[in-house]
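The values are calculated or read from the model by the stated rules, or taken from the named source; none is laboratory data. Bear in mind that the values here come from a model prediction, so they are computed numbers and not experimental data. All Cβ positions, even for glycine, are placed from backbone atoms using ideal geometry, and neighbour counts span all protein chains on display.
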Amino acid sequence: MSQTERLIAYLRSHPGATAMQLVTELRMPKYTSRVSDARARGIEIECVKEGGLHRYYLRDTPVQLQAFG
């Protein structure tokens, strides 16, 4: 699994992860490069500043369901 895939999986299971969590828990000091790589793949990752912390959220685009008919 690539670092970008690990980052995506982590954000999926830990919404609102802080920058420090990404560095320490994933052991990924250059996480911002992996965020850029994920965004280049079309993955929407949002960085929100909350109370002095930068938190990262994976924003999955909902799938449009169609009725059977």
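Computed quantities for the displayed model
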item	result
Scan of the range 1-10 for residues that are of a type in the set (A, V, I, L, M) and without any contact (Cβ under 8 Å) to a residue 12 or more places away in the chain, ordered by number	MET1, ALA9
Residue in the range 42-59 that is surrounded by the most Cβ atoms within 10 Å (Cβ to Cβ), counting only those that are assigned to a strand (DSSP E or B) and among the hydrophobic types (A, V, I, L, M, F, W, C)	LEU58
Hits in the range 11-41 - residues which are assigned to a helix (DSSP H, G or I), within 9 Å of the chain's Cα centre (by Cα), within 22 Å of GLY51 (Cα to Cα) and free of Cβ contacts under 8 Å to residues at least 40 places away in the same chain	VAL35
Some residue of the range 5-16 being modelled with pLDDT of 95 or more and either among the aromatic types (Phe, Trp, Tyr) or touching a Gly at 6+ places or on another chain (Cβ under 9 Å) (or both)	yes
